[in-house]
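Q: One structure coming up, written as structure tokens, with questions to follow.
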Amino acid sequence: MSEIRYSLEKYKGRSTRYHCPKCHQRTFTRYVDTHTNKHLSDYAGRCNRVEKCAYHFTPKMYFEKNGYEPDDFNKPASKPKPIIKPPSCIDKKLMQASLTNYRQNNFAIGLTKYFPERIVMEVLQRYYVGSAKGNKTIFWQVNRLGQVRTGKVMQYNSATLKRVGYINWAHHITKQKNFNLKQVFFGAHLLVDKTRAVAIAEGEKNAIFGALYYPQYNWIAVGSIEMSHEINFYNNRSIFSEFHRMQLKV
Ligand SMILES: [Zn+2]
């Protein structure tokens with residue numbers, strides 16, 4: 001509830017009543033700024049002779065006549081509103097162009113030892129897993145509107161399918177200025193499809209294994225603790241028709 005900044009001065013004896021600008025009787029109550037305890041103006045107020053005079057000049061009328069101050073009408077001395085910067089996105093064409101070249105992608109090469117190549121390609125394309133320079137793999141994070149928020153770039157050992165080296169990020173590699181990172185779940189773009197139950201995996205690799213073993217689910221990966229609050233959000237929205245959690249060990 002907002003605080004009323006201007007209110008009619010309380011009666012504290014005759015000195016708090018003034019001559020009405022209209023009927024000139026001493027029956028006039030002025031508006032007071034509750035922050036400064038000063039009168040708004042000698043003509044902003046209400047005549048107590050409601051029937052006979054009916055003069056009422058409100059703070060709103062006062063500001064409409066005189067212009068609003070930055071710190072104005074009907075507001076407590078409030079903090080300035082924070083500027084909410086929209087999340088940054090990466091060009092979708094860049095993501096789409098990476099969904100190829102799986103024979104130079106250690107993760108894809110490793111998967112084809114367990115699954116037919118055609119199935120591996122299909123799943124990687126469906127989950128927006130791309131190929132990056134040096135046989136690396138990009139796990140794109142795309143939201144339900146198809147906006148590419150970033151991509152996690154990782155290197156794998158194709159024989160063991162274990163991750164090697166450091167994680168890099170698509171938004172670092174593309175060097176976009178003032179990038180406002182807002183991560184989404186890997187696989188989040190599949191949440192538009194509400195006909196399939198959603199399953200949650202720990203990490204992108206497990207989500208892909210989940211998708212290969214259990215294609216009846218749409219898999220998403222929870223990458224970090226700070227994103228786990230979003231699970232509740234999705235749950236509340238009843239997007240999960242079934243909650244299925246598993247950790248697959250390779
Ligand atoms: Zn009057």
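Q: Would you mind telling me which numbered condition in (1) hydroxyl-bearing (Ser, Thr, Tyr); (2) out of contact with any strand residue (DSSP E or B) (no Cβ under 9 Å at 6 or more places or on another chain); (3) without any contact (Cβ under 8 Å) to a residue 40 or more places away in the chain residue 137 fails?
A: Every listed condition holds for residue 137 apart from (2).
Q: For residue 93, indicate whether it is charged (D, E, K, R) and either closer than 16 Å to residue 211 by Cβ or not in a loop (DSSP other than H, G, I, E, B) (or both).
A: Working: charged (D, E, K, R): yes; either closer than 16 Å to residue 211 by Cβ or not in a loop (DSSP other than H, G, I, E, B) (or both): yes.
Taking the combined requirement at face value, the residue satisfies it.
Q: For region 138-170, give me each residue that is open to solvent by less than 60 Å² (accessible area, probe 1.4 Å), of a type in the set (A, V, I, L, M) and closer than 16 Å to residue 184 by Cα.
A: Of everything in region 138-170, those that are open to solvent by less than 60 Å² (accessible area, probe 1.4 Å), of a type in the set (A, V, I, L, M) and closer than 16 Å to residue 184 by Cα turn out to be 138, 142, 148, 153, 170.
Q: Looking at region 171-191 only, could you name the residues that are within 20 Å of the chain's Cα centre (by Cα) and open to solvent by less than 60 Å² (accessible area, probe 1.4 Å)? Reasoning before the result, please.
A: Going residue by residue through region 171-191, those that are within 20 Å of the chain's Cα centre (by Cα) are 171, 176-191.
171, 179, 180, 183, 184, 185, 186, 187, 188, 189, 190, 191, listed by residue number.
Q: Go through region 31-46 and count every residue that is within 16 Å of the ligand (Cβ to nearest atom) and open to solvent by less than 50 Å² (accessible area, probe 1.4 Å). Steps first, answer last, please.
A: Residues of region 31-46 that are within 16 Å of the ligand (Cβ to nearest atom), as a first pass: 31, 41-46.
Then keep just the ones that are open to solvent by less than 50 Å² (accessible area, probe 1.4 Å); that gives 31, 41, 44-45.
Looking only at that region, the number is 4.
Q: Could you grab the pairs with beta carbons closer than 9 Å, sequence gap of 6+ or different chains, first residue in region 21-38 and assigned to a loop (DSSP other than H, G, I, E, B), second one of a type in the set (S, T, N, Q)?
A: From residues that are assigned to a loop (DSSP other than H, G, I, E, B), the pairs are 25/48; 27/48; 34/7.
The values are calculated or read from the model by the stated rules, or taken from the named source; none is laboratory data. Keep in mind it's a predicted model, so treat the numbers as computed, not measured. We place every Cβ from the backbone using ideal geometry, glycine too, and count neighbours over all the protein chains shown. We work out accessible area using only protein heavy atoms, side chains counted, and drop any ligands, DNA or RNA first. Shrake-Rupley method; radii C 1.70, N 1.55, O 1.52, S 1.80 Å.
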